[in-house]
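In what follows, a structure is listed as structure tokens, so that the remarks can point back to it.
Here, each number is a calculation from the coordinates, and none is a lab measurement. From a predicted model like this one, the values you see are computed outputs, not experimental measurements. Cβ sites come from the backbone with ideal geometry, for glycine too, and all protein chains shown count toward neighbours.
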Amino acid sequence: MIELKNVERSYKTGHTETWVLRRIGLTIKEGEFVTFMGPSGAGKSSLLNVLALLDDGWLGEYWFGETPVHSLNRKQRADLARQRIGMVFQSYHLLDDLTVAENIDLPLSYKNFPAKERQGMVADILDRFQIVAKKDLFPSQLSGGQQQLVGIARAVVHAPALLLADEPTGNLHSTQAREIMELFCQLNRAGTTIVQVTHSEENARYGKRIVELRDGWHTRDEPLPAKPTPEKTTPEKTTEVGSK
Ligand SMILES: Nc1ncnc2c1ncn2[C@@H]1O[C@H](COP(=O)(O)OP(=O)(O)O)[C@@H](O)[C@H]1O
Ligand SMILES: [Mg+2]
């Protein structure tokens, strides 16, 4: 589904050029659930932004299926992203002056769906994510976990083939984080290819493969054994410890 060949990215500040992605070669197959790990500054977000088509300043080849992204212009890249990709951010990136339902509708408004059909799609996803009761609230009226549910609903409402998530539970409590990870597993089982960035070993175990980056280099790539089903793990007692 995705193939990167020799992808490189650098930033120029004054006279110095800093390389943040070095000759990245990476193949991601349809249906995979991949986790990017590595120290802060390793290039994880930079690589995810390349995959998300949010960045134009890289070199090398990027194949999205049969499409050579490296040969597309900016408008063609934006169209491809709108059709095929959903992105989830650590800090949610919801629009504060839009309601939950309006936030989720936003990616659909970029497509040429009739309004009726859009309403149906938004209603469906509100239902699937069990946030129907929140649909007319504004983001500031929701908890972090609820805001991230909305962030994910917005990212997947147009049924993207690829879901990208940059530290999606970085601002959440462990119980909320687990809920989000379970949701990712459901989406992945339903066929969505997922690439997440996380610092959490526990979150990483929901995925099926770990890609490690260090100083912009792709240093490790390993499959993960299937996560044990929840019944088989020892139940953990979780305590809510106030807000973070
Ligand atoms: N817009 C930018 N301008 C200059 N340097 C940047 C920019 N974005 C990222 N970097 C640098 O690129 C490197 C990798 O950053 P990033 O991809 O955000 O790492 P990670 O997500 O793994 O923490 C860091 O050294 C960071 O300072
Ligand atoms: Mg980052």
Q. Stretch residue 119-residue 199 to full length: gain in nm at 0.36 nm per residue minus the Cα-Cα span?
A. 25.2 nm
Q: Round to the nearest 0.05 the FRET efficiency obtained for residue 189 and residue 80 when R0 = 22 Å and r is the Cβ-Cβ distance.
A: 0.30
(Q) Report the gain in length on full extension from residue 140 to residue 5: 0.36 nm times residue separation, minus Cα-Cα distance, nm rounded to one decimal. (A) 44.4 nm
Q. Among the aspartates and glutamates, which have Cα under 16 Å from the Cα of residue 29 when same-chain residues fewer than 8 positions away are ignored?
A. 3, 66, 221, 222
Q.
My understanding is that a pair violates if its Cα-Cα distance is over 30 Å; which of 75/135; 5/75; 75/134 do that in this structure?
A. 75/135; 75/134
Q.
Give the residue list of trypsin sites (Lys or Arg not before Pro) in segment 1-107 that are DSSP loop and have at most 12 other beta-carbon atoms within 10 angstrom.
A. 29
Q. Which whole-number percent of Cα pairs in the chain have a distance greater than 23 Å?
A. 52
Q: Report the longest stretch of the chain that contains none of the GluC sites (Glu not before Pro) sitting in a DSSP loop with at most 16 other Cβ atoms within 10 Å.
A: 67-235
Q) Restricting attention to the alpha-carbon atoms of segment 119-189, what are Rg (one decimal) and Dmax (integer), both in Å? A) 11.8, 33
(Q) Multiplying the sequence separation of residue 91 and residue 127 by 0.36 nm and subtracting their Cα-Cα distance, what value in nm do you get? (A) 10.6 nm
Q.
Given contacts defined as C-alpha pairs under 8 Å and at least six residues apart, what's the relative contact order of the chain, whole-number percent?
A. 27
